[in-house]
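Structure, as structure tokens:
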Amino acid sequence: MKPDTYAFYLSAVTRVLRHLTTQLDSAPDLAALAALAHLSPFHFHRVFRGMVGETPLELLRRLRLERAAHLLQSTEVAVTQVAFGAGFETHEAFTRAFRTAFGEAPSAFRQNPRARAHLTAPSGLHFDTADITTVFIPRNTGGQFMDVHIEHLPPLRLATVVHTGPFNQIGAAFERLGALAGRAGLFTHPGALMVATYDDDPEGKAAEELRSRAGISIPEGIAMPEGLEEQRIAGGDYACHTHMGGYETLGDVWSRFMGEALPSSGHALAEGPALEIYRTDMRTTPKAEWRTDLLVPVG
């Protein structure tokens, strides 16, 4: 592990945490938070979620609820005012959220002498944290449980189908890609790779607006089949983690990879899309043996 690189990620996330915890009533600008961390939005939000255990929005929501619980315990402020102060537009919405978080309605919580105003926090941070640097507990494994190695990729020319929507629904784009690529004979080219590319940050956009691509690598000089779009992937060094098994857990794997394993590995992120390369044929390989390489460019 390179201590300087890990220290960079830790410092970046801590700066953002200090900003968020001192401005609980402000609406977070996700692009501005990424700029504060000196990271691209795509990389920042995955690193933040991995190290903190919550997205910036989830963190703010929890801290506001904790502050509301503290007000209920220590003041006579009306529940409706507490609800508005926590960012809720109605008393009913606040009551539902509060009951889900604390296990009882705000009025009952106020009367419970044993009630605690702190919720479970993976990072150790709470609404009344005085010094983040002495409390924040980064979620990282020190590279002990998730292997990260460097893979040198050649430049790739991809024939792709664009997918707009939740990343976990990219399978529909791969079905269309399979039909179009099959008719064009693209699967017959030696060394053809099935690749997914992700250009957007799942925390920074609404799920229905996320953009990704299902692609297959094709040689230079081959005409792009009708219905497919070309995408160029720069060659170079990529941090890689190999996942074995089904695709349904890839979201969690990406979170650990970007937020825990990668910062601990000492590799600094570079600009470029995140990739998934599918190394096995799911039609002929047992699910437990499906191999997927997760890759991000590093510099």
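The values are calculated or read from the model by the stated rules, or taken from the named source; none is laboratory data. Computed from a prediction, not measured in an experiment: that's the story for all the values here. Cβ sites come from the backbone with ideal geometry, for glycine too, and all protein chains shown count toward neighbours. Remember, those area values only see protein heavy atoms, side chains included, never the ligands or the DNA or RNA. Shrake-Rupley method; radii C 1.70, N 1.55, O 1.52, S 1.80 Å.
Of the conditions (1) farther than 24 Å from Gly299 by Cα; (2) surrounded by fewer than 22 Cβ atoms within 10 Å (Cβ to Cβ); (3) without any contact (Cβ under 8 Å) to a residue 60 or more places away in the chain, Ser11 clears all except one; give me its number.
(1)
From Ala93, Ala105, grab the single residue that is modelled with pLDDT of 95 or more, surrounded by fewer than 19 Cβ atoms within 10 Å (Cβ to Cβ) and not acidic (Asp, Glu).
On the way: Ala105 fails: modelled with pLDDT of 95 or more.
Residue meeting the stated conditions: Ala93.
Of all the strands (runs of 3 or more DSSP E) wholly in the stretch 146-248, which have at least 3 residues that are open to solvent by 30 Å² or more (accessible area, probe 1.4 Å) and over 23 Å from Met282 (Cα atoms)?
Values: elements: 149-153, 156-164, 194-198, 211-217, 229-233, 236-244.
In the stretch 146-248, the matching strands (runs of 3 or more DSSP E) lie at 149-153, 229-233.
Here are some residues: Ala34, Ala68, Ala83. Which one is among the small types (Gly, Ala, Ser), touching a His at 6+ places or on another chain (Cβ under 6 Å) and surrounded by 21 or more Cβ atoms within 10 Å (Cβ to Cβ)?
Numbers: Ala34 fails: touching a His at 6+ places or on another chain (Cβ under 6 Å); Ala68 fails: touching a His at 6+ places or on another chain (Cβ under 6 Å).
Criteria check complete, one pass: Ala83.
I'd like the full set of residues that are assigned to a helix (DSSP H, G or I) and at pLDDT below 90, limited to the stretch 20-30. Write out each step before concluding.
If we filter the stretch 20-30 for residues that are assigned to a helix (DSSP H, G or I), which is where we start, we get 20-21, 30.
Once the filter is applied, which keeps residues that are assigned to a helix (DSSP H, G or I) and at pLDDT below 90, the stretch 20-30 yields only Leu30.
Within the set of pairs 6+ apart or on separate chains, which have a first residue in the stretch 143-165 that is closer than 30 Å to Ala206 by Cα and hydroxyl-bearing (Ser, Thr, Tyr), a second that is surrounded by fewer than 17 Cβ atoms within 10 Å (Cβ to Cβ) and at pLDDT 95 or above, and C-beta atoms under 8 Å apart?
Thr160/Glu229; Thr160/Glu230
If you scan the stretch 113-130, which residues turn out to be within 12 Å of His70 (Cα to Cα) and either in contact with an Asp or Glu (Cβ under 7 Å, 6 or more places away or on another chain) or at pLDDT 85 or above (or both)?
Ala117, His118, Leu119, His126, Phe127, Asp128
Report, by residue number, each residue of the stretch 80-96 that is touching a residue at least 24 places away in the same chain (Cβ under 8 Å) and more than 20 Å from Asp128 (Cα to Cα).
Phe94
Would you confirm, using the coordinates I've provided, whether Phe127 is assigned to a helix (DSSP H, G or I), surrounded by 17 or more Cβ atoms within 10 Å (Cβ to Cβ) and touching a helix residue (DSSP H, G or I) at 6+ places or on another chain (Cβ under 8 Å)? Explain how you work it out, then say what you get.
On the way: assigned to a helix (DSSP H, G or I): no; surrounded by 17 or more Cβ atoms within 10 Å (Cβ to Cβ): yes; touching a helix residue (DSSP H, G or I) at 6+ places or on another chain (Cβ under 8 Å): yes.
It is false that Phe127 is assigned to a helix (DSSP H, G or I), surrounded by 17 or more Cβ atoms within 10 Å (Cβ to Cβ) and touching a helix residue (DSSP H, G or I) at 6+ places or on another chain (Cβ under 8 Å).
Assuming Val135 fulfils every condition listed in (1) at pLDDT 85 or above; (2) open to solvent by 20 Å² or more (accessible area, probe 1.4 Å); (3) over 20 Å from Glu276 (Cβ atoms) apart from one, which condition is it?
Failed condition: (1).
Within the stretch 258-277, how many residues are modelled with pLDDT of 85 or more and closer than 20 Å to Ala37 by Cα?
As a first pass, look at the stretch 258-277 and keep what is modelled with pLDDT of 85 or more: 269-277.
Next, from what is left, pick out any that are closer than 20 Å to Ala37 by Cα: 269-274.
Counting residues in the stretch 258-277 that are modelled with pLDDT of 85 or more and closer than 20 Å to Ala37 by Cα gives 6.
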